[in-house]
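Visitor: Take this structure first; my questions come after.
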Amino acid sequence: MKNKGFTLVELLGVIVILGIIAVITVPIIQSTIIDNTNKAYEEQVDSFEKAAKNYVGQDIYNMTKCQTQQCNVSLKELQEAGLLPSGDIKNPKTDQNFNLSNVVKITYDGTNFDYIYDTNQDN
């Protein structure tokens, strides 16, 4: 009589091999997901800062107050100016919406404007 099928030892061997593969790949996949989430967040912050730069560029003459003091422009103002998409903007790290009252700080050092989105606003 010819036996068809697998023995218990063979099945356990396959399960052990699959377990080893899982132990190796799961941390790599988790690390990749975290890295991509952080990159998406940084790109989102960069888009806020670029939108603020375009905001200043559209009306540079009215931004003279930034030459003597720090100015703030909110995400809502950037949306209203058409420089950010309308509606809610998701934070890739938390999957919550950014608070549209968060601001990009604009400073002028005499030669250049600097644009900084303070990421502590998201906590």
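Visitor: In what sequence do Leu100, Leu11, Leu84 fall when counting other Cβ within 10 Å, fewest first?
Guide: Result, fewest neighbours first: Leu11, Leu100, Leu84.
Visitor: Along segment 4-15, what does the Karplus equation 6.51 cos²θ - 1.76 cosθ + 1.60 (θ = phi - 60°) give for ³J(HN,Hα), rounded to whole Hz, x for Gly and Pro?
Guide: 10, x, 10, 7, 4, 5, 5, 5, 5, x, 5, 5
Visitor: Which ³J(HN,Hα) values, rounded to whole Hz and listed in residue order, are derived for segment 92-106 from phi using the Karplus coefficients 6.51, -1.76 and 1.60 in 6.51 cos²θ - 1.76 cosθ + 1.60 with θ = phi - 60°, glycine and proline given as x?
Guide: Each residue of segment 92-106 in turn: x, 6, 9, 6, 9, 7, 5, 6, 6, 8, 4, 10, 9, 8, 10 Hz.
Visitor: Could you check the simple spin-label distance between Glu80 and Asp46, using points 7 Å along Cα→Cβ, in nm with one decimal?
Guide: 2.9
Visitor: Asp88 to Asp59: FRET efficiency via 1/(1 + (r/R0)^6), r the Cβ-Cβ distance, R0 25 Å, to the nearest 0.05?
Guide: Between Asp88 and Asp59 the formula returns 0.45.
Visitor: With each pseudo-label sitting 7 Å past Cα toward Cβ, what's the Gln70-Ile28 distance in nm, one decimal?
Guide: So the label points at Gln70 and Ile28 sit 4.4 nm apart.
Visitor: Moving on. Over segment 8-122, consider all pairs of different Cα atoms and compute the Kirkwood hydrodynamic radius from their mean reciprocal separation; express it in Å, one decimal.
Guide: One over the average 1/r among Cα pairs gives 17.0 Å for segment 8-122.
Visitor: Ok, one more. Anyone know which of Val26, Val56, Val103 comes out most mobile in the 10 Å Cα GNM of the chain?
Guide: The residue with the greatest mean-square fluctuation here is Val26.
Visitor: Take Asp95 and Lys4, extend 7 Å from each Cα along the Cα→Cβ direction, and tell me the distance between the two endpoints in nm.
Guide: Going by the 7 Å Cα→Cβ label model, 4.6 nm.
Visitor: How about Lys50: which aspartates and glutamates have a C-alpha closer than 17 Å to its C-alpha, ignoring those fewer than 8 places off in the same chain?
Guide: Filter leaves Glu42, Asp59, Glu77, Glu80, Asp114, Asp118.
Visitor: May I ask you to derive the FRET efficiency for Asn112 and Asn38 from their Cβ-Cβ distance with R0 = 30 Å, giving the value to the nearest 0.05?
Guide: On the way: r = 27 Å, r/R0 = 0.91.
E between Asn112 and Asn38, to the nearest 0.05, is 0.65.
Values quoted throughout were computed directly from the atomic coordinates according to the rules given, and no laboratory measurement underlies them. Note that the coordinates shown come from a computational prediction; the quantities given were computed from them, not determined experimentally. Counting neighbours? That spans all protein chains shown, and the Cβs are built from the backbone with ideal geometry, glycine included.
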